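The values are calculated or read from the model by the stated rules, or taken from the named source; none is laboratory data. Everything quoted here is computed from the prediction, not taken from an experiment. Please note: Cβ atoms are built from the backbone with ideal geometry, for glycine as well, and neighbour counts cover all protein chains shown. Surface accessibility is based on the protein's heavy atoms, side chains included, excluding ligands, DNA and RNA. Shrake-Rupley method; radii C 1.70, N 1.55, O 1.52, S 1.80 Å.
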Amino acid sequence: MRRLIGRLLTAVLAALALLAIGTPAHATAPASPSVTFTNPLAEKRADPHIFKHTDGYYYFTATVPEYDRIVLRRATTLQGLATAAETTIWTKHASGVMGAHVWAPEIHFIDGKWYVYFAAGSTSDVWAIRMYVLESSAANPLTGSWTEKGQIATPVSSFSLDATTFVVNGVRLLAWAQRNPAEDNNTSLFIAKMANPWTISGTPTEISQPTLSWETVGYKVNEGPAVIQHGGKVFLTYSASATDANYCLGMLTASASADLLDAASWTKSSQPVFKTDEATGQYGPGHNSFTVSEDGKSDILVYHDRNYKDISGDPLNDPNRRTRLQKIYWNADGTPNFGIPVADGVTPVRFSSYNFPDRYIRHRDFRARIEANVTNLADSQFRVVTGLAGSGTISLESANYPGYYLRHKNYEVWVEKSDGSSTFKNDASFFQRAGLADSADGVAFESYNYPGRYLRHYENLLHIQPVSTTLDRQDATFYAE
């Protein structure tokens, strides 16, 4: 009995000692581990839509520059779509409706059948754009036959496009963009219930029209709706302004329990949630869709943009919109954070602290630190690239300051632009090791030119320091997210 009491007393004293020095409880591996892609995923593919099916495949369709057909690819991984064979499943009519401007296809699986939603004009009027639906009962939509279910009829017959369908609380809805003849703009956003996959029911509701300055550059446009649900909220992103460098994403937000057919249920973001970033060389990001990572733990933004600003002639005649992917992060308030359209090449990741799981490595005033609630997402994103010093090392390149790297200087860690010197290259290179406090899921970064010193936080600032104690090892361990 005395031995048992002694053990209990020892355990209590150890716990009190930990509390006395303020050692935090360590994190578990993040619920959404890092995912990386190499962008662009597909050249000359605009208005991309990717659907993950229960058969283990991702299905990818997009607008082709010729505007004359609908194509499909499939692969078991998102990156695999880049090299997957492409099949034409439908070609425009030689005359009449569905004979021109075949735009923005989306593929969905509903009640055991495949459906493709798309917009098309007529050979007699290429701007008589309307929404149409194809259906296939084949297991593999790339090899099956397709039936034209016809036009999605709306109460007003006018320019309409970009149909997308989704389910909220068991109710299937359709959202799309349409010209409202009563308004002085190009397109507004509408929503309606669906009687079946090609027919709306009831009276549609207009939930957004382009009225803000960033929605009306070049053209007054709200188009390309896409829906993602999270934490009891429905987020509907859409594209605004002309399809050049001014193209950007806005967002509407509603409670999933609200009446989504009531325009008052939706709140519009006052600023774009995703827009051109000249530093990363990405222009006019827009017309997105959403999918999930292979393990289902990360939400993925799918979109197109161009890698140059100036377009010769009509943007519609420029073929170089590319399909791109990047991970979505979620703010503490439950809203999505898309960050910036990242540079071409490998996508960045975030690093959370092992012992302060809500804090991420970020730069502020170019000093590297750990901090919580980093809503300026790109400040906390870094590309893991081949080390500037070589020799099996890695370097951590800032997402929003390409060419700037985490480097140590007087043992402090800063984000600075590479000057090409050997000193800089060595200071900005690390050996990526297994986490010192969690070798299974964590990572640690050992200095290339100061072996035994690791990237670690101390009073929230980053340094390179030797590690010896348990707390040291925890401070030097991070999770890639």
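Here are the numbers:
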{"quantity": "Condition check for TRP214: at pLDDT 95 or above, surrounded by 14 or more Cβ atoms within 10 Å (Cβ to Cβ), farther than 21 Å from SER270 by Cβ and not hydroxyl-bearing (Ser, Thr, Tyr)", "calculated": "no"}
{"quantity": "The one condition in (1) surrounded by fewer than 23 Cβ atoms within 10 Å (Cβ to Cβ); (2) in contact with a strand residue (DSSP E or B) (Cβ under 8 Å, 6 or more places away or on another chain); (3) more than 30 Å from PRO319 (Cβ to Cβ); (4) not aromatic (Phe, Trp, Tyr) that ILE207 fails to fulfil", "calculated": "(1)"}
{"quantity": "Meets criteria (of a type outside the set (Val, Ile, Thr), open to solvent by 20 Å² or more (accessible area, probe 1.4 Å) and in a loop (DSSP other than H, G, I, E, B)) for ALA332", "calculated": "yes"}
{"quantity": "Candidates ALA368, ALA343, filtered to the one that is open to solvent by less than 10 Å² (accessible area, probe 1.4 Å) and under 27 Å from LYS409 (Cα atoms)", "calculated": "ALA368"}
{"quantity": "Among (1) in contact with a Leu (Cβ under 8 Å, 6 or more places away or on another chain); (2) of a type outside the set (A, V, I, L, M); (3) open to solvent by less than 20 Å² (accessible area, probe 1.4 Å) - the single one SER380 does not satisfy", "calculated": "(1)"}
{"quantity": "Of all residues making up region 447-474, the number that are open to solvent by 40 Å² or more (accessible area, probe 1.4 Å), touching a residue at least 40 places away in the same chain (Cβ under 8 Å), in a strand (DSSP E or B) and out of contact with any Ser or Thr (no Cβ under 7 Å at 6 or more places or on another chain)", "calculated": "2"}
{"quantity": "VAL116 surrounded by 15 or more Cβ atoms within 10 Å (Cβ to Cβ), within 18 Å of LYS52 (Cα to Cα) and touching a residue at least 12 places away in the same chain (Cβ under 8 Å)", "calculated": "yes"}
{"quantity": "Scope region 427-445; condition out of contact with any Leu (no Cβ under 8 Å at 6 or more places or on another chain) and either of a type outside the set (A, V, I, L, M, F, W, C) or open to solvent by less than 30 Å² (accessible area, probe 1.4 Å) (or both); matching residues", "calculated": "ASP427, GLN432, ARG433, GLY435, ASP438, SER439, ASP441, VAL443"}
{"quantity": "Conditions (1) within 30 Å of GLY80 (Cβ to Cβ); (2) surrounded by 17 or more Cβ atoms within 10 Å (Cβ to Cβ): number failed by ALA279", "calculated": "(2)"}
{"quantity": "Of all residues making up region 395-421, the number that are out of contact with any Phe, Trp or Tyr (no Cβ under 9 Å at 6 or more places or on another chain), touching a residue at least 24 places away in the same chain (Cβ under 8 Å) and not hydrophobic (A, V, I, L, M, F, W, C)", "calculated": "3"}
{"quantity": "VAL374 vs. criteria under 27 Å from ASP299 (Cβ atoms), open to solvent by less than 40 Å² (accessible area, probe 1.4 Å) and part of a loop (DSSP other than H, G, I, E, B)", "calculated": "yes"}
{"quantity": "Whichever residue in region 346-365 is assigned to a strand (DSSP E or B) and among the charged types (D, E, K, R) and, among such residues, is surrounded by the most Cβ atoms within 10 Å (Cβ to Cβ)", "calculated": "ARG362"}
{"quantity": "Close pairs (6 angstrom Cβ cut-off, 6 or more residues apart or separate chains): over 15 Å from VAL171 (Cα atoms) in region 184-210, aliphatic (A, V, I, L, M) and open to solvent by 30 Å² or more (accessible area, probe 1.4 Å) anywhere", "calculated": "THR205/LEU261; THR205/ALA263; ILE207/ALA263"}
{"quantity": "Count - residues of region 426-466 that are within 13 Å of THR393 (Cβ to Cβ) and either in contact with a strand residue (DSSP E or B) (Cβ under 7 Å, 6 or more places away or on another chain) or among the aliphatic types (A, V, I, L, M) (or both)", "calculated": "13"}
{"quantity": "Matching residues, region 375-389, being touching a residue at least 12 places away in the same chain (Cβ under 8 Å) and over 17 Å from the mean Cα position of the chain (by Cα)", "calculated": "VAL384, VAL385, GLY387, LEU388, ALA389"}
{"quantity": "Residue selected from region 390-413 under the condition of a type in the set (Gly, Ala, Ser) and over 26 Å from the mean Cα position of the chain (by Cα), by the criterion modelled with the lowest pLDDT", "calculated": "SER391"}
{"quantity": "Which numbered condition GLY296 fails, given (1) in contact with a strand residue (DSSP E or B) (Cβ under 9 Å, 6 or more places away or on another chain); (2) touching a residue at least 12 places away in the same chain (Cβ under 8 Å)", "calculated": "(2)"}
